[in-house]
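The values are calculated or read from the model by the stated rules, or taken from the named source; none is laboratory data. These figures come from a predicted structure and were not determined experimentally. Cβ coordinates were reconstructed from backbone atoms using ideal geometry, including for glycine residues, and neighbour counts include every protein chain displayed.
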């Protein structure tokens with residue numbers, strides 16, 4: 001039993017209050033800046049109470065950054081990444097847990113080790129693959145002599161190329177692999193009783209039917225938890241879209257488009273900083289992931305802590 005004392009209660013609530021202030025203060029400053037005019041935002045002392053220009057600033061930021069198409073693009077990418085991550089994580093964990101082969105733990109640890117690799121390590125080779133997804137196959141044909149053989153026999157030189165830059169495919173495919181999702185699914189699948197597996201086999205259920213009819217319904221809370229995490233992850237992507245998308249009019253994402261609202265004085269060396277528009281755009285971009293977290297909170301918590309079947 002945990003002992004409760006007034007002193008510890010006061011200390012605990014004090015720590016919680018300090019943490020809340022540290023988290024809430026930047027959001028409050030951003031909200032206040034989004035509600036004032038450019039003159040008020042850049043004046044001293046800094047305004048700490050909201051003004052009456054929030055709607056005006058949000059409209060101007062929306063038009064200036066052309067957020068209409070960008071929000072649609074970001075939603076498409078976020079939803080596709082969530083579906084891809086959930087699907088691949090479930091199938092991968094299913095193969096690791098329910099198929100008894102010698103390399104299953106080796107495969108699991110190889111996947112798990114990728115969590116230790118920072119994004120900067122993977123970004124350059126991933127970009128090279130996205131620039132030509134068929135390059136590895138082309139290199140393999142060149143090394144084995146198949147390219148020369150086909151060219152000698154037919155006079156046609158095989159040159160395979162699949163450019164994923166400036167496309168939804170290039171934005172989505174490199175992001176759908178997830179070691180975190182595989183780990184969560186594996187831990188859940190390990191709690192499935194062996195009796196349930198044997199009963200499914202006796203009923204004539206094959207692997208895919210067992211996965212679809214039994215495991216997926218049992219893992220609804222895990223799916224909700226993973227979907228919540230990965231939606232926020234995909235919505236806030238910045239570095240990868242910045243690299244692979246140059247046609248931002250058609251494929252730009254909202255987080256990347258915040259660059260268009262960076263204060264002029266920081267980009268051109270002169271002008272008045274437009275922090276009020278940048279903060280208004282930031283608030284708009286924050287709304288979708290916040291709504292997802294709010295509506296999925298109950299399922300998110302249950303998916304992380306629930307082990308009852």
* To do: Could you please let me know if residue 29 is within 14 Å of residue 283 (Cα to Cα) and either assigned by TED's automatic domain parsing to the domain that holds residue 277 or touching a strand residue (DSSP E or B) at 6+ places or on another chain (Cβ under 9 Å) (or both)?
  => yes
* **Residues satisfying the stated conditions in the range 189-222, i.e. touching a residue at least 40 places away in the same chain (Cβ under 8 Å) and not in a helix (DSSP H, G or I)** => 190, 191, 192, 193, 219
* Output the residues belonging to the range 41-82 that are more than 24 Å from residue 237 (Cα to Cα) and without any contact (Cβ under 8 Å) to a residue 40 or more places away in the chain. => 43, 44, 45, 46, 47, 48, 49, 50, 51, 52, 55, 56
* Where residue 58 falls short, out of the listed (1) assigned by TED's automatic domain parsing to the domain that holds residue 147; (2) closer than 29 Å to residue 248 by Cβ; (3) part of a helix (DSSP H, G or I) -> (1)
* If you scan the range 184-199, which residues turn out to be under 22 Å from the mean Cα position of the chain (by Cα) and surrounded by fewer than 17 Cβ atoms within 10 Å (Cβ to Cβ)? -> 187
* Among the helices (runs of 4 or more DSSP H) confined wholly to the range 110-173, which include 3 or more residues that are loosely packed, with under 15 Cβ neighbours inside 10 Å? -> 119-131, 135-144, 146-154
* Filter the range 200-211 for residues that are modelled with pLDDT of 85 or more and surrounded by 13 or more Cβ atoms within 10 Å (Cβ to Cβ); which is nearest to residue 95 (Cα to Cα)? -> 211
* Lone qualifier among 110, 119, 103 - being in the same structural domain as residue 227 (by TED's automatic domain parsing) and within 24 Å of residue 242 (Cβ to Cβ) -> 119
* Asked: Looking at the range 84-109, which of the residues that are assigned to a helix (DSSP H, G or I) and either without any contact (Cβ under 8 Å) to a residue 24 or more places away in the chain or loosely packed, with under 14 Cβ neighbours inside 10 Å (or both) is nearest to the chain's Cα centre (by Cα)?
  -> 87
